[in-house]
Amino acid sequence: MITIISGTNRQGSMTLKLATIYYNLLTVKGADVQLLTLENKQVWERGAEMLAIEKQYLLDADKFIFIMPEYNASFPGILKVMMDNSDIKKCWWNKKAALVGLSDGRAGNLRGLEHMTSILHYMKMNVLYNKLILSRIKEEINPDGQLMKTATEALINEQIDEFIKY
């Protein structure tokens, strides 16, 4: 099972639009996939909602795709809080991850991907070498959540195909 994590709780985010694109492409390819959005989720404590998220999205997944916007040269704190409040050994150890960064600027959250790679390695996760960075995201995805460039769709499909085999 692959869990895609939309790494922000910001309402109406481009992150969730991109995560939905990944979900749809993986579904077409026949992957067993689910999408976790952090919108309206109470993950800042290990309470009933966090335990339900862990049970539904994290424990049974063997692969994760992290879709992460750039927040202050890294990724959103809400994503880190969610990870910190999970049972790290059961949820993350020895599992696989793919990373996708996006930003409205030029770097596509490259620093955030590097930061997350270090964290995931510390948590004994295997990270796919093909990390996709999407800069100037408003030129890549329209307001309706559709990709506007065939070259970007090709890059996403390449990463997905590699991750399915990984």
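Scan the range 18-28 and tell me whether some residue there is hydroxyl-bearing (Ser, Thr, Tyr) and not in a helix (DSSP H, G or I). Looking through the range 18-28, none of the residues is hydroxyl-bearing (Ser, Thr, Tyr) and not in a helix (DSSP H, G or I).
Close contacts from the range 28-54, counting a first residue that is of a type in the set (S, T, N, Q) and a second that is surrounded by 13 or more Cβ atoms within 10 Å (Cβ to Cβ), with Cβ to Cβ under 6 Å and a gap of 6+ residues or different chains, come to Gln34/Thr3; Thr37/Ser6; Thr37/Leu16; Gln42/Glu49.
Look at the range 114-135: where a residue is without any contact (Cβ under 8 Å) to a residue 12 or more places away in the chain and closer than 19 Å to Tyr166 by Cβ and a partner is of a type outside the set (A, V, I, L, M) and surrounded by fewer than 17 Cβ atoms within 10 Å (Cβ to Cβ), sitting 6+ places away or on another chain with Cβ atoms under 9 Å, you get Tyr129/Glu162.
Residues that are over 22 Å from Ala31 (Cβ atoms) and of a type in the set (A, V, I, L, M) were ranked within the range 117-166; the one that is nearest to the chain's Cα centre (by Cα) is Ile133. Restricted to the range 85-110, and to residues that are within 16 Å of Thr8 (Cβ to Cβ) and not β-branched (Val, Ile, Thr), which residue is surrounded by the fewest Cβ atoms within 10 Å (Cβ to Cβ)? Taking the candidates together, the pick is Gly105. Could you list, ordered by first residue, the pairs with Cβ atoms under 6 Å in which the first is in the range 141-161 and at positive phi and in a loop (DSSP other than H, G, I, E, B) and the second is surrounded by 13 or more Cβ atoms within 10 Å (Cβ to Cβ) and among the basic types (Lys, Arg), at least 6 apart or interchain? As it stands, the answer is Gly145/Lys17, since those pairs meet every condition given.
Do we find that Leu155 is surrounded by 13 or more Cβ atoms within 10 Å (Cβ to Cβ) and closer than 26 Å to Gln56 by Cα in this structure? No: the conditions fail for Leu155. Residues that are hydroxyl-bearing (Ser, Thr, Tyr) and more than 20 Å from Glu45 (Cβ to Cβ) within the range 82-126 comprise Ser103, Thr117, Ser118, Tyr122, listed in sequence order. A single member of Lys29, Lys17 is surrounded by 13 or more Cβ atoms within 10 Å (Cβ to Cβ), of a type in the set (D, E, K, R) and farther than 12 Å from Met82 by Cα, and it is Lys17.
Taken over the range 70-100, the criterion of being in a strand (DSSP E or B) and of a type in the set (A, V, I, L, M) is satisfied by Ala97, Ala98, Leu99, Val100. Scanning the range 58-76 for residues that are under 15 Å from the mean Cα position of the chain (by Cα) and over 16 Å from Leu16 (Cα atoms) returns Leu58, Ala61, Asp62, Lys63, Ser74.
We did not get these values from a lab; they are worked out from the coordinates using the rules stated. Everything quoted here is computed from the prediction, not taken from an experiment. Ideal geometry is used to build each Cβ from the backbone, glycine not excepted, and the neighbour counts take in all protein chains shown.
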